[in-house]
1. Calculate the all-directions average of the projected area of chain B's alpha-carbon convex hull, and give it in nm².
2. With r defined as the distance between the Cβ atoms of B:Arg106 and A:Ala280 and R0 fixed at 51 Å, what FRET efficiency is calculated, to the nearest 0.05?
3. Counting Lys and Arg as +1 and Asp and Glu as -1, what is the net charge of the other residues whose Cβ lies under 12 Å from the Cβ of B:Arg101?
4. Between B:Gly337, B:Gly286, B:Gly122, where does the largest GNM mean-square fluctuation fall for chain B, given springs only between Cα atoms within less than 10 Å?
5. At 0.36 nm per residue, and after removing the present C-alpha to C-alpha distance, how many nm does the segment from B:Met210 to B:Lys11 gain when stretched out fully?
6. Given a Förster distance of 45 Å, report the FRET efficiency between A:Leu240 and B:Thr3 from their Cβ-Cβ distance, rounded to the nearest 0.05.
7. Quick one: if you take sqrt(5λ) for each eigenvalue of the C-alpha gyration tensor of region A:48-150, what semi-axes come out, biggest first, whole angstrom?
8. With a point put 7 Å past each Cα toward its Cβ, work out how far B:Asp44 is from B:Val320 in nm, to one decimal.
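The numbers here are math on the coordinates, done by the rules we state, and not lab data. The model shown is predicted, which means the values in this text are computed figures rather than measured ones. Please note: Cβ atoms are built from the backbone with ideal geometry, for glycine as well, and neighbour counts cover all protein chains shown.
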Amino acid sequence: MPARIWALTVKEFLALLRDKVSRMALIVPPILQLVVFGYAASFDLNHVPYAIYNEDSGAAARNFLARFAGTSIFRPVAEVNSDAQAARLLESRDALLVLHLGPHFTRDLLLHRSAPVQVIIDGRNSNTAGIALNYVSAVVQGFNEQWAADHGWDHPPALLKIRAWYNPNLLSRWFIVPGIVGLLTLVVAMVVTSLSVAREREAGTFDQLLVTPYRPLEILIGKALPGLIVGLLEGTGIVLIAVLWFHVPLLGSLAALYLGLIFFLMSAVGVGLMISAAAATQQQGLLGAFLFLVPAVILSGFATPIANMPPAVQYLTYLNPMRYFLVILRGVFLEGDGVSLLWSQYLPLAAIGLLTMATAAWLFRHRLY
Amino acid sequence: MNTRLVGLMRKEVLQIVRDPSAIAIAFVLPVVLLLIFGYGVSLDAKHVPVGVVVDAPTPQTQAFVAGMRESPYFDVREYGGIAAAREAMQERRINGIVWLRGDFSRRALTAGDAPVGVAVNGVDANDARILEGYVQGVWVQWLAREARLRGGRLALPVELQSRIWYNPALRSRDYLVPGLIAVVMTLIGALLTALVVAREWERGTYEALMATPVSMREILLGKVLPYFVLGMGGMALSVAMALWLFHVPLRGSALVLFGSAALFLLAALGMGLLISTAAKSQFVAGLIAIIVTFLPAFILSGFIFDIRSMPEPIQVITHVIAARYFVAILQTVFLAGNVWSVILPNGAALLVMALFFLGIVARLSRKRLD
């Protein structure tokens with residue numbers, strides 16, 4: 001590498017790391033956030049607070065409720081004896097659901113009749129409500145099988161035998177943590193690049209840079225390298241934490257992972273520099289960074305599947321580098337993908353990277369106003 | 001109001017008008033984000049591609065497959081053998097397999113324990129669980145149908161009757177859009193003010209301000225009020241979109257909604273000002289704003305991930321995220337109504353956070369140059 005590009009890179013690193021606060025801002029938050037988010041971001045429910053409204057004193061009712069008390073998924077918070085009390089608990093969010101057993105529960109069961117159990121669920125967060133309802137029906141199904149076997153009820157003619165591939169216990173952490181690796185890498189790349197040109201423009205030093213013998217390509221490389229290097233180092237740290245701390249299995253090859261990381265950083269750094277080069281002030285640069293960052297995260301399939309989006313929005317996601325990187329991360333971590341399976345993801349990333357970097361270099365000299 | 005304060009606010013407003021990016025933050029950002037979120041984010045899986053393998057077709061298996069075809073949740077693809085279906089699942093062309101083996105009907109009619117083999121791709125655990133629930137629904141309907149054909153009723157010891165309050169159709173958009181308003185408002189509040197003090201430090205105009213007779217309190221008020229008005233404008237726009245574009249019901253009162261939004265916005269603006277005052281450089285303030293605003297509000301606010309299921313220490317951490325209180329109020333006011341047992345404690349927490357941030361900013365801002 002020519003010495004003068006190296007000089008430019010060193011200058012960029014100094015601008016980035018000289019300030020103590022910005023040095024800290026680059027290193028501490030991503031690591032803290034990975035740990036906090038790794039625990040926080042999960043669709044699995046634990047300790048679901050529920051209230052019991054039991055009008056039956058029989059043994060079967062006790063037996064039924066013991067099944068709920070016996071799992072760590074549910075946590076009893078209250079016993080109520082009227083609908084109004086139950087409603088108050090749900091309203092104030094002290095209970096997510098109420099189990100209501102009518103006065104004839106045990107009698108019905110002993111008479112070989114179906115006994116209804118009513119669950120009332122707080123649907124304000126409909127996803128949580130749906131998952132909780134699934135858990136409840138699993139417990140009820142367990143009770144039904146046991147009761148049917150013990151008391152000579154007919155077998156149902158068919159049973160479901162469900163198996164989950166790749167993630168047998170359906171731990172959503174395995175799905176989410178590789179996603180967070182992508183999220184934080186993106187944030188770091190945006191932090192390093194999105195204000196770097198705008199800041200120099202505001203200070204007037206960018207004009208000085210443009211009158212030096214540097215060609216736009218060299219300036220671009222000098223501006224892009226810190227983002228790539230910092231991103232690679234932090235990405236490595238983040239992957240290490242995911243594997244060593246959260247014990248997410250890393251089944252695929254490191255080569256496939258790093259190839260993906262490099263291509264992804266190229267495109268993220270390219271977008272960041274493009275925003276920065278287009279902005280007249282740092283305020284505009286920051287706005288641009290958010291206008292990219294937020295949709296890039298939401299439309300990546302990180303928390304909500306792309307397949308659920310309407311077709312027009314699904315097409316939009318093809319422009320989003322995060323989309324490809326998440327497929328690579330999850331493929332390599334959980335499904336053991338190698339390099340050869342992932343070219344359909346690498347190539348769009350490389351294309352986005354080249355296009356955005358070329359635009360950024362062009363914008364260095366041709367800004368709109 | 002005294003004329004000095006009016007003068008300061010006039011100056012701030014002129015600055016906003018002349019760099020249109022502040023107006024863009026207040027009005028373009030919420031529109032773009034709500035459009036993308038509102039249309040793009042959904043946890044309701046429909047037309048999930050599922051492979052079906054039937055080894056020996058009989059009336060029983062046909063009824064089962066027909067049940068799956070009628071369901072809007074599945075896009076059924078039939079495969080001739082299990083090997084072909086497995087291959088399709090490995091290539092991610094289908095998300096699940098339902099396998100009815102050759103002896104399915106015989107065992108269903110005699111022993112009564114015919115297995116329906118279901119395999120789901122568990123990489124996205126949440127999605128997989130939703131899919132399992134849908135298959136279970138088809139299975140229960142099939143059991144009921146078979147029981148009817150034999151002249152009886154489906155006899156399960158306990159029959160679950162579920163009632164879902166506030167959102168009976170479980171439309172995920174109805175809870176995501178109110179939560180999004182909190183995320184968007186976090187961004188607006190912090191972005192509007194994160195750079196304003198640092199910018200003046202950098203350009204030296206803060207020194208000039210200090211040399212004038214205006215008091216520090218007036219300088220801060222002059223910074224907060226114009227952006228507060230802008231932010232509330234953004235909030236009104238977001239609520240209007242939620243109601244009339246996404247048809248989210250508003251069961252509580254608009255007064256409570258905007259009252260809590262005002263408290264939240266003060267907290268968010270206060271946080272932005274604190275970042276700006278402490279950093280004194282736009283670059284550093286920008287870095288911090290990117291890191292501390294969006295992702296925490298997205299992940300730790302209870303907007304999408306349930307706070308009560310997080311481990312205890314993480315739940316404690318969520319208490320410092322202002323968006324957490326605002327999300328609770330928004331979801332309740334939109335979907336449940338004016339539930340004071342939710343609104344009052346969360347509103348009080350927002351008030352405390354607003355006072356805390358603005359108080360620290362006032363303490364940090366003295367007429368000194370160090």
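1. 24.0 nm²
2. The pair B:Arg106/A:Ala280 has a calculated efficiency of 0.10.
3. Value of the local net charge: +1.
4. Comparing B:Gly337, B:Gly286, B:Gly122 in the GNM, the peak value goes to B:Gly122.
5. 70.1 nm
6. 0.15
7. 23, 16, 11
8. So the two model labels end up 3.8 nm from each other.
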